[in-house]
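Read the figures in this text as sums done on the coordinates, not as results from a lab. The structure presented is a predicted model; accordingly, all values stated were derived computationally and were not measured. Quick reminder, even Gly has a Cβ in these numbers, built from the backbone with ideal geometry, and neighbours come from all protein chains shown.
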Amino acid sequence: MSIKLLKSLKLHKDKLWSVDCSKGLMATASSDRKIKLVNLKNLDFQLVEELDDSTHKKSVRSVSFRPHSSILAAGSFDSTISIWGKDEEASIEDGYQETELLAIIEGHENEVKGVAWSHSGYFLASCSRDKSVWIWEADEMGEEYECLSVLQEHSQDVKHVVWHPAMHLLASSSYDDTVRLWKEDADDWECAAVLNGHEGTVWCSDFEKSESSLRLVSCSDDTTVRVWKYEEEDENGEDIWTLESVLPSVHSRAVYAVSWSPDGYIASVGSDGQIVIYTEDESGKWKVIAKQHEAHSVFEINTVQWTRVGDTNLLITGGDDGCANIWFFIP
Amino acid sequence: MSEFINENPDILDENLLPSRKEEEGDAFQDEALNTVNLLRRKRLLKIHQTTACKVYRNVELIDRLKAQEMALDQVPDLTASETEESDEGEPEDPIDAQEIYDMIAHISDPEHPLTLGQLAVVNLPDIEVSESNDKSKISEVLVKITPTITHCSLATLIGLGIRVRLERSLPSRYRITILLKEGSHQSENQVNKQLNDKERVAAACENDQLLGVVSKMLSTCK
């Protein structure tokens with residue numbers, strides 16, 4: 001079992017905060033205020049496009065592709081969310097089609113830290129230092145956004161939001177050391193559960209990609225990575241989630257991101273510059289199967305994501321060196 | 001400045017702050033002080049009770065200028081060695097606590113016309129460096145700061161100034177942790193959490209107003 005560096009792409013002049021991949025395309029967000037698109041198909045790794053960098057006045061913190069489309073959402077410290085896409089109706093004869101700014105969404109009081117599209121593409125979630133999570137409903141073109149709900153139960157900034165891969169279930173991670181789960185109830189959204197246990201800011205979480213079980217992995221400033229399991233709904237309609245396991249302790253500093261692969265591996269990255277990959281031995285028992293030191297030389301790693309290109313599983317990391325590193329993982 | 005959060009901080013004499021012995025130009029110059037100068041300073045101190053007063057400062061400056069003049073006469077090539085900037089210096093030199101101290105002790109306090117070293121907000125014994133010999137590995141720096149009063153609302157700003165200074169001065173392999181010294185502040189945990197949250201620090205550094213204040217604090221760094 002090993003991790004092998006396939007390609008290191010120096011894309012940004014400053015911290016690379018976030019990556020998202022969809023349909024063979026990778027988007028990256030950085031403190032240099034730029035968003036870049038890179039082609040992953042055929043392991044080509046060529047820079048395709050640089051989106052208009054006059055759009056955001058501060059760091060771009062997070063990017064997310066809308067499923068089944070080429071629409072991209074980007075959240076920025078300038079408190080806005082930009083929406084990008086291609087005019088699908090324009091003729092393809094002109095060759096390559098430029099990505100255009102479709103909309104700017106305003107609403108958050110200050111830094112937007114996370115954006116995420118639901119699997120259905122109906123909803124966009126965003127979170128901010130203003131302690132709130134917003135749920136937006138988008139039209140098909142991705143041009144009109146209506147705010148359905150402003151969720152304000154977190155007591156501190158909300159660092160990250162992620163949707164379940166098949167349900168309208170949202171997880172938000174916060175500086176208040178908790179993860180909250182949100183679901184739709186009649187016409188509104190409500191908090192379904194609070195996951196308490198981390199002893200520091202929760203930076204990121206990700207759902208298990210499984211139809212048979214409902215679990216979430218979270219990572220924190222407390223250097224731990226934890227797996228939480230949905231048990232049942234109690235008589236008040238609240239979901240009961242329990243801590244299933246604390247993954248083997250490897251990281252020596254804050255863990256900034258986790259990603260759960262479709263085939264069941266969890267990858268984590270953080271301030272100590274390590275990539276760690278865990279596998280489940282038996283139900284609820286995890287072990288480390290691969291580690292990579294100095295994965296971005298001496299720099300911190302902010303983001304990690306599994307993606308599949310053709311028949312190849314890739315792991316993508318982004319760091320303070322402004323690089324997106326693309327790794328093979330051979331189980 | 002109208003209202004101070006701390007009206008009466010204790011102040012250390014800049015010359016008494018810890019510094020590297022072999023590079024101690026100041027000590028050398030102070031040795032050149034003659035007894036008359038010393039007596040004059042002592043008398044001034046009796047009147048004002050503090051080394052912060054203007055007259056004392058001016059006298060001290062004049063003394064040092066004089067001493068420098070004398071030194072120049074004795075060591076003709078002093079200017080040459082002084083202009084030699086450490087910019088292109090040997091990158092092999094390990095960084096120690098004294099070097100970190102020198103980087104941050106001259107940061108100005110946001111409310112007093114004094115440095116963090118003079119106010120004993122930063123102190124040499126409260127700096128730890130765990131240096132890896134291998135330059136391709138991560139090294140760590142821990143700085144514990146002591147606000148002048150336990151309810152100092154500027155503690156976060158001071159910590160931010162120190163962090164910005166160190167991030168700009170140290171190579172990327174250093175992970176910087178800034179903590180309030182145990183028991184030195186009533187909202188210790190809250191301030192510590194904020195000072196070590198990379199995202200909040202990054203956002204603060206994009207806030208022009210805040211960055212202006214920090215730049216002003218850093219303008220006195222040598």
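General observations
- DSSP-loop GluC sites (Glu not before Pro) across the range A:121-199, with at most 15 other Cβ within 10 angstrom: A:E140, A:E143, A:E144, A:E199
- 27 Å Cα-Cα reach of A:K229 towards lysines, excluding residues that sit fewer than 8 places from it in its own chain: A:K113, A:K131, A:K159, A:K183, A:K209, A:K285, A:K287, A:K291
- Pair B:R20, B:E182: separation of 7 Å Cα→Cβ label points (nm): 3.2 nm
- Range of Cα positions in chain A per principal axis (Å), largest first: 55, 47, 33
- Charge sum, other residues only, whose C-beta stays under 10 Å from B:E99's C-beta, Lys/Arg counted +1 and Asp/Glu -1: -2
- Environment charge at A:D222 (Cβ cut-off 14 Å; Lys +1, Arg +1, Asp -1, Glu -1): -2
- Isotropically averaged projected area of the protein assembly as shown, using the convex hull of Cα atoms (one quarter of hull area), nm²: 30.8 nm²
- Inter-chain Cβ neighbour average for residues A:286-296, partner chain, 10 Å: 1
- Listed peptides B:151-159, A:59-67, A:229-237, B:177-185 appear in the order A:59-67, B:151-159, B:177-185, A:229-237 once ranked by packing, highest mean of other Cβ atoms within 10 Å at the front.
- Relative contact order for chain A, counting Cα pairs under 8 Å that sit 6 or more residues apart, in percent: 15 percent
- Our analysis of the range A:1-147 gives Rg over Rh at 0.97, with the two radii drawn from alpha carbon positions and Rh computed by the Kirkwood formula.
- Total lysine pairs under 23 Å (Cα atoms) in the range B:97-218, excluding pairs fewer than 8 apart on one chain: 9
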